[in-house]
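Here is the structure we will look at.
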Amino acid sequence: MDALKKTAKRENIAAMAAASPASLGMWRYADVLPSEAAGKPITPVTLAEGWTPMLHSKRYPGLYIKEEGANPTGTFKARGLGLAVTMAKHYGLQHLAVPSAGNAAGALAAYAAAAGIAAHIFMPQDVPFANYLEGIIYGSDVTMVDGLISDCARMVGEKIKAQKEADTPENEVWFDISTLKEPFRVEGKKTMGYELVEQLGWTYPDAVFYPTGGGVGLIGMWKAFEEMEELGWVSGKRPKMYALQAAGCAPITTAFEAHKPASEFFANAATFAAGLRVPKPYGDYIILDILEKSGGKAISASDETILASILDWAKHEGIFLSPEGAAATAAYDQLIAAGELKPTDKVVLFNTGAGLKYTDMTAEAMHLKRPGA
């Protein structure tokens, strides 16, 4: 950071984006992303991820929706996997494996295809159909699991252990690119923090609402705020951070309300917000620490409330939220009604994925079928 203070200027970002098409997205922040490793410069594997729209709510003067559905593969996962795959290619890795609740699998499949790397995907068999289709259409090795993301993670670990015990050639051993088990996914996701501050004129909002499954985006944004403060790019009080979950899988909310430093495995996890169905986040203790330090909290909503919020925002704002994003809008409505937030408070709320990726899940929740079917 000391070296960056002399060279990294926020005024350079717009000029960089204008000069290089690759810098129009999250790579506009190249100064604070990996630029060189093993003695060679980094060449991004990019599909134009990042720099997503900030939509101003029509009903709440202080509310902005960060529309991550505009990313390649339709979710914020493109940021983390885009950078992780970039670095995997740089280091010459040939096989990447991931356990996923769905959207990380789709993003890995796309970026691995772009990089010419083999992807091995493990995800629950009841993920949104779009996630399964992505894995197949991008040419990945897809394993559907009768279980949760925790079961998928166990299977990936067992496979890699067996490969090593069998003396599999090093270039054929899978690399586990799971959440927080390598350093680069969080680097990609921290760009959400840089973006929201830049899009608000290099100022902090009062609060950030983030749907939290694995929670790496929240961790990344907190890291971004720390970096920007060290660089002198932003000043003032950091925003309160809110982690939003589904009542059917709420390990962070449960731990937060019990004032515990880490979560416990959430038994019988069930919610149609597939990205929130993470019964034991790997970085739970980091998430809970951020909530406490920021003065925020964790809040859960029932699937019925989440569905009602999807319908409300579609009809009144023209935004088709993902179920995860609707967990955040439902929590926002709850805090407005309770008087904990005012409609004029500046809030950035993340819709982490396009609602269109969940057409089967949302239709099923609405008991909606194709006419004549």
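The values are calculated or read from the model by the stated rules, or taken from the named source; none is laboratory data. Only a predicted model underlies this, so the values are computations on that prediction, with no experimental measurement involved. Cβ atoms come from the backbone with ideal geometry, glycine included; neighbour counts cover every protein chain shown.
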Output yes when any residue across the range 54-63 is modelled with pLDDT under 85 and crowded, with 16+ Cβ neighbours inside 10 Å, and no when none is. no
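Tell me, please, whether a residue that is part of a helix (DSSP H, G or I) and either under 22 Å from ALA109 (Cβ atoms) or among the β-branched types (Val, Ile, Thr) (or both) can be found in the range 16-24.
Here is the first cut: in the range 16-24, the residues part of a helix (DSSP H, G or I) are 16-19, 21-23.
Subsequent filtering for residues that are either under 22 Å from ALA109 (Cβ atoms) or among the β-branched types (Val, Ile, Thr) (or both) retains 22.
Scanning the range 16-24, I find at least one residue that is part of a helix (DSSP H, G or I) and either under 22 Å from ALA109 (Cβ atoms) or among the β-branched types (Val, Ile, Thr) (or both), so the answer is yes.
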Just checking, does the range 358-368 include any residue being under 19 Å from ILE65 (Cα atoms) and either of a type in the set (A, V, I, L, M) or in contact (Cβ under 8 Å) with a residue 60 or more places away in the chain (or both)? yes
Odd one out for GLU257 among (1) buried (at least 23 other Cβ atoms within 10 Å of the Cβ); (2) more than 18 Å from the chain's Cα centre (by Cα): (1)
So which residues in the range 1-24 are more than 27 Å from the chain's Cα centre (by Cα), modelled with pLDDT of 75 or more and small (Gly, Ala, Ser), if there are any at all? ALA3, ALA15
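Given the structure, is LYS223 buried (at least 19 other Cβ atoms within 10 Å of the Cβ), closer than 16 Å to ILE290 by Cα and within 19 Å of the chain's Cα centre (by Cα)? Lay out the reasoning, then the answer.
On the way: buried (at least 19 other Cβ atoms within 10 Å of the Cβ): no; closer than 16 Å to ILE290 by Cα: yes; within 19 Å of the chain's Cα centre (by Cα): yes.
Against the criterion (buried (at least 19 other Cβ atoms within 10 Å of the Cβ), closer than 16 Å to ILE290 by Cα and within 19 Å of the chain's Cα centre (by Cα)), LYS223 does not qualify.
So, restricting to helices (runs of 4 or more DSSP H) that lie completely within the range 105-212, which ones have at least 1 residues that are touching a Gly at 6+ places or on another chain (Cβ under 9 Å) and surrounded by fewer than 18 Cβ atoms within 10 Å (Cβ to Cβ)? Give the derivation first.
Values: elements: 129-137, 149-165, 184-189, 191-199.
Filter on the range 105-212 gives 129-137, 149-165.
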Give me the residue from the range 230-288 that is touching a residue at least 24 places away in the same chain (Cβ under 8 Å) and among the acidic types (Asp, Glu) and, out of that set, farthest from ASP303 (Cα to Cα). GLU230
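Just to be sure before I move on: is PRO211 in contact with an Asp or Glu (Cβ under 7 Å, 6 or more places away or on another chain) and either within 17 Å of ASN103 (Cα to Cα) or without any contact (Cβ under 8 Å) to a residue 24 or more places away in the chain (or both) in the structure I sent?
For PRO211, the condition - in contact with an Asp or Glu (Cβ under 7 Å, 6 or more places away or on another chain) and either within 17 Å of ASN103 (Cα to Cα) or without any contact (Cβ under 8 Å) to a residue 24 or more places away in the chain (or both) - is met.
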Quickly run through the range 346-360 and pick out the residues that are within 25 Å of SER57 (Cα to Cα) and not polar (S, T, N, Q). LYS346, VAL347, VAL348, LEU349, PHE350, GLY353, ALA354, GLY355, LEU356, LYS357, TYR358
Looking at (1) touching a strand residue (DSSP E or B) at 6+ places or on another chain (Cβ under 6 Å); (2) small (Gly, Ala, Ser); (3) surrounded by 23 or more Cβ atoms within 10 Å (Cβ to Cβ), which is the only condition ALA246 fails? (1)
Taking the range 30-57 and keeping only residues that are over 30 Å from THR344 (Cα atoms), touching a residue at least 24 places away in the same chain (Cβ under 8 Å) and in contact with a Ser or Thr (Cβ under 9 Å, 6 or more places away or on another chain), one is left with ASP31, VAL32, LEU33, PRO34, ILE42, THR43, PRO44, VAL45, THR46, LEU47, GLU49
Would you mind telling me which numbered condition in (1) buried (at least 23 other Cβ atoms within 10 Å of the Cβ); (2) over 20 Å from the mean Cα position of the chain (by Cα); (3) of a type outside the set (Val, Ile, Thr); (4) outside any loop (DSSP other than H, G, I, E, B) GLU324 fails? (2)
